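See structure below.
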Amino acid sequence: MGYLVVFLAIPLLLLFAFGLVDIRAGRVVSGSWTLEHYARVLRDPFYYRIFLRTFWMGTAATVLCLIFGYPVAYLFTRVGPTARQALLVLILAPLLTNAVVRTFGWMIILGGPKGLINALLLHLGLVREPVKILYTMNGVLIGLTQIELPFMILPIIAALEGQDRRLLEAATGLGASWAQTFFHVVVPLSLPGVLAGSALVFVISYTSFVIPALLGGGSFAVIPTFIFEQITALVQWNTGAVLASLLLCTAVVMLWLFNLGSARLLRWQR
Amino acid sequence: MEVELRGVTKRFGETVALSEVSFTVPAGKFVTLLGPSGCGKTTLLRIVSGFEQPDAGDVVVGTEVITHLPPNQRQIGMVFQHYALFPHMTVERNISFGLRMRHASPAETAKRTAEMLDLVGLRDLAGRYPHQLSGGQQQRVALARALEIQPRVLLLDEPFGALDRKLRLQMQVDVKKLIRHLGITTIFVTHDQEEALAISDLIAVMNEGRIMQSGAPIEIYDNPRDPFVADFVGGSNFLEGDVVRADGTEIVLRLGGAIVTVPRTAEVRAGQRAVLVVRPENLRLADRGSAPGALTGTISFVRPIGPTIEYEVEGDGGMKLKVTAPRSGVAGPQGLGEVVAVMLSSPESCTVFAL
C-alpha cells in the first residue's frame, strides 16, 4: 500500500499538477495555477488527430491479436500434452526477449529495400519495387501484434479450458454440425476470455511507446511518442503533462465503457 | 421406435466396457439400464447416442442401422446427468437450439418451442438463464430441449441424481407421466434400484459389461436370475446351507440348525452346497421356541425408518440377517440384544442358487 502511494499515486498527482501550472525552463512558476494548457490542447484539432491515430493503432492491434490469437488458443486446448508444452513455449516466446532488442529485430526484417522481407519479395519476383513497411502504421501494427499476442491468447485459453465438454456433446446430439457447435457454443462461451484479452491488448497498445517510436520512425506520431518528444526534445513539460493525463483518462474511460458493454454481453454469467 | 443392440462390444484399452450386449428396447417403452458404476450402462447409452463407437456390433433404430451415423444425424434426444444446458442461452434459446441448428423456419421453431415450454410448464421462465433456475427447472429445460427435435428415442443419463430426494421422487413421476403421454421410446440409465423399480416398463440389470437379466420390474425383483441381481435389486439375505433333499417340486435346505423348505427354483442335488436368497421383508421375527426348526439369532441393530423397522439379526454360525417389518401391529420381541426366531413369511418368494 505504501509503495502504491509513493510510487504511483504521488507521481500521478504530480503529472496532473504539471498540466495545471506554468513551467518555465524546467521550473514551476509558483502560484501560477491555470487551465490554459488544457484549454490549448483541447482546442487544437491537431491533437485530436493524434489521439484518433493512437486509438486506431490500439483497436487494430487488438483485432489483429484476436484474429491470430484465437485459433492458437483453440488449438492449444485441443491437442495432447506434448504439443501443449511446445505451443506454450511458442506463445510465450515474444515475452522472453527485451522490448528494444526485439524491435530492432523487426527493423532488420521489415526495414528498407534491403530488409529481409523486401529482399525475399524482390528475389521471388513478387514485387518490382521495394514495399514500404518499416516507418508505416502497418509496420507498427506488425510489431505490436507480435508482442501482445500472449496477452490475448492466455485469457482465451483460460476461457476455453473452463468449458464443459458435455455442452459440445449436447449441441452435437441436438443436430449441430462442428461449425455450428463452434460458433453457437464454443465462441460465445469463450467471450469472457476474448473480452479480457481485448481489454489488455488495447490498453497496452494504446499506451505503448517503444514499438511506435522505433517501427513508426521520426514522423510517426501517436500520443506516447509525442509526449516523449514534447518533454525530451522540446522541453514542453506543460503540453507533455496535459497529454499524459489525457492519455491516462481516455484509457480509463474506454476501459470503463468496455466493461459496461462486457457486462451486458456476459449477463448470462452468474 | 424400437431400438436393438446386436452384439455390442466396447473396449477401453485393456478393460472391456461392454461384452457382446444384445438387447431390444420395444417401441414406446421406458427401459432402464440398471447397474453399479462401471458396469457399462453409460457406455451403452453413449454408443446409442453416437458419442462412442462400438468395437463390434450394431445399433439399430427401427429398421435403420445407425452404428456409424454421426451423433448429429441420429435424431436421438439426450438428457445429460448435469443437464448440460447452454449457460449463455435463455430457457427459450436452449429449447429451440435443436430446431435452429436444423434451420427450421422461425415460425415453426417458435410454435414448437412454445409447445415445449407449455409441456414442461416453464412458459413464465422462458427469458431466464440457466443459472437463474432451480435444479428441477433446469432438468425440465433439458427434457424440453431433447424433446423439441421430436427424437426417435430419448436417452436419460441419471437425470435425477442431482436433485434432493423429495424433488427427485416428484420429478420421477412427472417425467414418467410425460414420457408415457408422448409414447416415446426411452432408455434410462441409473444406479438407483428404487428409481428403476418405480418408473420402468422394463429393467436390464447390468454388471461388468453384460446384461445379467432383463424383464419387468416385478419379475426381476421376485425372480432374480443370479445372486448379483438379487443383491443389487432390492437387497437380499444370502443364506448358505446344505441341500438335504431336492425333488420335482421342493428343495429342503439345512441352514445351520434350521431346516427350510422352499419350492424348487434351481438345479440342485441332495448333498450340494446352495445359497438361499430371501428379501428382508420376507422374514419375520418370532419368539424363540415358538417355532421349532427356525433360524435363531440375536438382534444386533434396530433401525426405525418411518413406516418400517429394519432389524439386523446375528444368527448362529456368524450368519447376518436383515429383517424388515411394518411398524404397526408387530407383536413379539423387537428389542436390541434379544434372542429371537426368524421365520420365512412366504417360502415361494425365495430363490435358491447352487454354489
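The table that follows gives values for the structure above.
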{"item": "Sole exception among (1) away from every other protein chain (no Cβ under 14 Å); (2) under 26 Å from residue A:156 (Cα atoms); (3) without any contact (Cβ under 8 Å) to a residue 24 or more places away in the chain for residue A:203, by number", "result": "(3)"}
{"item": "For residue B:156: the one exception among (1) closer than 24 Å to residue B:82 by Cβ; (2) under 27 Å from the mean Cα position of the chain (by Cα); (3) part of a helix (DSSP H, G or I)", "result": "(3)"}
{"item": "Hey, residue A:131 outside any loop (DSSP other than H, G, I, E, B) and more than 14 Å from chain B (Cβ to nearest Cβ) or not", "result": "no"}
{"item": "Any chance residue B:173 is more than 14 Å from chain A (Cβ to nearest Cβ) and either under 16 Å from residue B:97 (Cβ atoms) or buried (at least 17 other Cβ atoms within 10 Å of the Cβ) (or both)", "result": "no"}
{"item": "Residue list for segment B:52-79, restricted to those being within 8 Å of chain A (Cβ to nearest Cβ) and in contact with a Leu (Cβ under 9 Å, 6 or more places away or on another chain)", "result": "B:72, B:76, B:77, B:78"}
{"item": "Check on residue A:99, in contact with a Leu (Cβ under 8 Å, 6 or more places away or on another chain), touching a residue at least 12 places away in the same chain (Cβ under 8 Å) and small (Gly, Ala, Ser)", "result": "no"}
{"item": "Lone unmet requirement of (1) away from chain B (no Cβ under 14 Å); (2) in a helix (DSSP H, G or I); (3) surrounded by 19 or more Cβ atoms within 10 Å (Cβ to Cβ) for residue A:231", "result": "(3)"}
{"item": "Which listed residue is over 22 Å from the mean Cα position of the chain (by Cα) and not charged (D, E, K, R), from B:57, B:77", "result": "B:57"}
{"item": "Only one of B:205, B:141, B:175 that is among the hydrophobic types (A, V, I, L, M, F, W, C), farther than 30 Å from residue B:229 by Cα, in contact with a Pro (Cβ under 9 Å, 6 or more places away or on another chain) and in the same structural domain as residue B:219 (by the TED database)", "result": "B:141"}
{"item": "Index of the failed condition, residue B:210 passing every other in (1) farther than 22 Å from residue B:18 by Cα; (2) at pLDDT below 95", "result": "(1)"}
{"item": "Strands (runs of 3 or more DSSP E) contained entirely in segment B:27-126, each with at least 1 residues that are surrounded by 15 or more Cβ atoms within 10 Å (Cβ to Cβ) and either without any contact (Cβ under 8 Å) to a residue 40 or more places away in the chain or among the acidic types (Asp, Glu) (or both)", "result": "B:56-61"}
{"item": "Total residues in segment B:260-270, condition surrounded by 16 or more Cβ atoms within 10 Å (Cβ to Cβ) and more than 30 Å from residue B:194 (Cα to Cα)", "result": "1"}
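Residues checked against (1) under 24 Å from residue B:160 (Cβ atoms); (2) at pLDDT 95 or above:
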residue	(1), (2)
B:2	no, no
B:13	no, no
B:35	yes, no
B:38	yes, no
B:59	no, yes
B:86	yes, yes
B:89	yes, yes
B:93	no, yes
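The rows are residues; the columns are (1) in a loop (DSSP other than H, G, I, E, B); (2) among the small types (Gly, Ala, Ser); (3) free of Cβ contacts under 8 Å to residues at least 60 places away in the same chain.
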residue: A:12; (1), (2), (3): no, no, no
residue: A:31; (1), (2), (3): yes, yes, yes
residue: A:37; (1), (2), (3): no, no, no
residue: A:60; (1), (2), (3): no, yes, no
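The values are calculated or read from the model by the stated rules, or taken from the named source; none is laboratory data. All of these numbers come straight from a predicted model, not from anything done at the bench. Because the Cβ atoms are built from the backbone with ideal geometry, glycine has one as well, and the counts that use them run over all protein chains shown.
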